[in-house]
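S.K.: Take a look at this one; I'll ask things after.
The values are calculated or read from the model by the stated rules, or taken from the named source; none is laboratory data. Note that this is a predicted model, so its numbers are computed, not measured. For neighbour counting, all protein chains shown are included, and Cβ atoms are generated from backbone atoms with ideal geometry for every residue, glycine included.
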Amino acid sequence: MTNFMKKNFVTGLFILIAGFTNLQAQILEPVKWSFSQEKISENTYDVKFTAQIDAGWSIYGMNVAPGGPIPTTFEFNEPSGFRFVGDMQAPPVVVKFDPNFDMELSMHSERQVTFKRTVEVLSESPVRVTGELMFMSCDATSCLPPDYIEFAFNLPGREQRAEQTVAVTSELQEITDGVSDDDITDETAQEDESDTRIYVPETEDETGRSFWGMFITGILGGLLALLTPCVFPMIPLTVSFFLRNSDNRARAVRDALFYGFTIVFSYVVLGLAISMIFGADTLNALATSPGFNLFFFALLVFFAASFFGAFELTMPASWSTALDSKADKTGGLIGVVLMGFTFVLVSFSCTGPIVGTLLVDAATGGNVFGPAIGMLGFSLSLAIPFSLFAVFPTALKSLPKSGGWMNAVKVVLGFVVLGFSLKFLTTADSVAQWGILDREVFIVLWIAISLLLGLYLIGKIKFAHDSDLKYMSVPRLVLAIIAFAFVFYLLPGLWGAPLRAVSSFLPSPVTQDFDLSRGVASATPAASSDIYVGESVKSGPHGLLAFTDYEEGLAAARKAGKPVFLDFTGLGCANCRKMEANVWSDTQVQQRLANDFVKISLFVDDRTALPEDQQFVSSALGRERTIRTVGQKWSVFQAERYNMNTQPYYVILNHDEEMLAPPRGYDLNIEKYIEFLEEGKRNF
């Protein structure tokens, strides 16, 4: 047999193997949706969205932090002849650690979950409620690309009297037939519960932080506020006001309780006002709005400058003077209440930045009750000590004396607020995809802030209102050690270390420009860069260029005389990032990808809208749906062409679009990946 015949025989054999492998691939559909409606009162209906979820799979909650998976969302078209009553109602979620995204996430893992929204019909003629739902499903090791399903509900007009029914679609009926409640319970119970934290309602914020978390954060903020120069000196002044009742213990207790209640009432009302002004929908939108996050970043920087002593935030002096005078004249319980309001106003210059930071954090958590709960914890921390000292004035002797240490507390808080503000800047940057705050830039800024904090604590840096540091106290020494230790902890992050303790604050590892633990990546030679010309060319991980349009990349491969390396990936695909960080970072892999192939990366979750003349209807996943985005187009392309809908998915093709080696998915074995690349190159 000649070499030519041998070569073609081997090539044909591998194509047959690849084709057979492709036939064995499956289109996974672990989540099936059905739609129904229920009349709940005159002209009012609940439209319901029921997800039937395979065991071991999950969909995500409606509030998910940037950098995580796609949340479950429902987009309704403009109402005509009806109105929505309230917001979308979601079932309880489970907060669990998700290894796919290396973070805690709220998810739905039950076999069946139902979302619903109440609709009131206003028109006398029948109305139609339409829209689209988007969701993402994952198991313990992989995720499917975001899926989109159009829905429609036909509701009778106001004059019609339809009996109350629950219309369950035939699809849902087929799914549930033969499945008992015991079966569902047993299969659900088999799931790994070891990392489950708590069942919470859907109003839980995207990081899985509970109401208790917000409450405790508020308490800590209040304790810090107690140590500031605007609050701490007011303790003895307040106690002196209550000493008039020293001969009547019952009255002293009563006045102290009312004083504390006034402080709590003031701050909780502030939190409730924030919730009422913005509402649940707006608070949810704040979590991912670039504009709001930029505003909050600037606001926190403003607060930090105030703590550093650049200026003081004060309420108009006339307000506090008038209240104080009124309290002295009025006396009784009204005077005590007015004294409480006076305290809130006078202490604002120190408590304002802390309160603002807590409110910003709670509001952007997407939880409508978050601001009020945070303020409850904050106000209790302030009110309880004042009330206790008012009842037991002799305990004042145990308090430390006022002094320069209180201004140091303000400055330390300024550094903390400044570092915290970067969280909002990176959220805005990641959502808007500006690319201005890469992971290592963020880490460098935190290193600088922590280093300056440590130097301040040991007396090497001094601000305008600081007193001379005659000696190093134990608390300052402990805080300085913590600040410098944090600097050393952050340093490895510049070379790609995961920094798990603070990973929820950091930008996505995808934004890391280099990883010296694996070798710097720019393996693309100058000669190869001539191949990558066109509007769809993007620079990817490790500096590897790639086309993001299939036809454009295929044409370039034919022109260059090289095989195609087809990479089905996603902007939110965690396993894709792991492959790029652990496999593509290998020098041998980079050299082969850069020199031996023309790389095409197709993002299945790209939400860029397709021009209307390029939109089409597809039935690739067993149902007809309109393809409106770039990501939907490539997801359907992968499903139709390769009968596969999971990512990452790697295919090597010749110029006739035939596979040159069995395709590969998620596998961190570098040697096998190199064999895969060599096999494709050899068969080309």
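S.K.: For residues in the range 18-54 being modelled with pLDDT of 85 or more and among the hydrophobic types (A, V, I, L, M, F, W, C), which is farthest from Pro91 (Cα to Cα)?
M.R.: Ile40
S.K.: Tell me, which residue of the range 438-462 that is without any contact (Cβ under 8 Å) to a residue 40 or more places away in the chain, in a helix (DSSP H, G or I) and among the small types (Gly, Ala, Ser) is surrounded by the fewest Cβ atoms within 10 Å (Cβ to Cβ)? Before you say what the answer is, go through the steps one by one.
M.R.: Taking the range 438-462 as the starting set, the residues that turn out to be without any contact (Cβ under 8 Å) to a residue 40 or more places away in the chain are 441, 445, 448-449, 451-452, 454-455, 458-462.
With in a helix (DSSP H, G or I) added as a condition, the list becomes 441, 445, 448-449, 451-452, 454-455.
After this cut, where a residue has to be among the small types (Gly, Ala, Ser) as well, the list is 448, 454.
On the way: Ala448: 12, Gly454: 21.
Among those residues, the one meeting the criterion is Ala448.
S.K.: Further question: Condition test on Asp605, is it acidic (Asp, Glu) and either assigned by TED's automatic domain parsing to the domain that holds Cys143 or touching a residue at least 40 places away in the same chain (Cβ under 8 Å) (or both)?
M.R.: Working: acidic (Asp, Glu): yes; either assigned by TED's automatic domain parsing to the domain that holds Cys143 or touching a residue at least 40 places away in the same chain (Cβ under 8 Å) (or both): yes.
When the stated conditions are applied, Asp605 passes them.
S.K.: Would you confirm whether or not the range 659-669 contains a residue that is within 18 Å of Leu144 (Cβ to Cβ), touching a residue at least 60 places away in the same chain (Cβ under 8 Å) and within 26 Å of the chain's Cα centre (by Cα)?
M.R.: yes
S.K.: Related question: If you take the residues in the range 637-662 that are surrounded by fewer than 20 Cβ atoms within 10 Å (Cβ to Cβ) and touching a Ser or Thr at 6+ places or on another chain (Cβ under 8 Å), which one is nearest to Arg592 (Cα to Cα)?
M.R.: Step by step, filter the range 637-662, then rank; the result is Pro662.
S.K.: Quick one: in the range 523-569, which of the residues that are at pLDDT 90 or above and among the small types (Gly, Ala, Ser) is surrounded by the fewest Cβ atoms within 10 Å (Cβ to Cβ)? Break it down into steps so the answer makes sense when it comes.
M.R.: Initial filter on the range 523-569 (at pLDDT 90 or above): 546-568.
With among the small types (Gly, Ala, Ser) added as a condition, the list becomes 546, 553, 555-557, 560-561.
Details: Ala546: 23, Gly553: 25, Ala555: 15, Ala556: 23, Ala557: 23, Ala560: 14, Gly561: 10.
If we take residues in the range 523-569 being at pLDDT 90 or above and among the small types (Gly, Ala, Ser), then Gly561 is surrounded by the fewest Cβ atoms within 10 Å (Cβ to Cβ).
S.K.: Answer yes or no: is there a residue in the range 184-207 that is modelled with pLDDT of 75 or more and within 24 Å of the chain's Cα centre (by Cα).
M.R.: no
S.K.: Which one of these does Thr130 not meet: (1) part of a loop (DSSP other than H, G, I, E, B); (2) under 27 Å from Val604 (Cβ atoms); (3) hydroxyl-bearing (Ser, Thr, Tyr)?
M.R.: With respect to (1) part of a loop (DSSP other than H, G, I, E, B); (2) under 27 Å from Val604 (Cβ atoms); (3) hydroxyl-bearing (Ser, Thr, Tyr), Thr130 is out only on (1).
S.K.: While we're looking at this one, here's another question. Taking the range 663-684, which residues are surrounded by fewer than 18 Cβ atoms within 10 Å (Cβ to Cβ), of a type in the set (A, V, I, L, M, F, W, C) and not in a helix (DSSP H, G or I)?
M.R.: The answer is Leu668, and nothing else.
S.K.: I'm told Asp567 meets every condition in (1) in a strand (DSSP E or B); (2) farther than 21 Å from Asp667 by Cβ except one. Can you identify the failing condition by its number?
M.R.: Evaluating Asp567 over (1) in a strand (DSSP E or B); (2) farther than 21 Å from Asp667 by Cβ leaves (2) as the failure.
S.K.: What pairs come up if the first residue lies in the range 565-593 and is touching a residue at least 40 places away in the same chain (Cβ under 8 Å) and more than 17 Å from Thr646 (Cβ to Cβ), the second is surrounded by 24 or more Cβ atoms within 10 Å (Cβ to Cβ) and small (Gly, Ala, Ser), and their beta carbons are under 8 Å apart, counting only those six or more places apart or on different chains?
M.R.: Short answer, once both residue conditions are applied: Phe565/Gly680.
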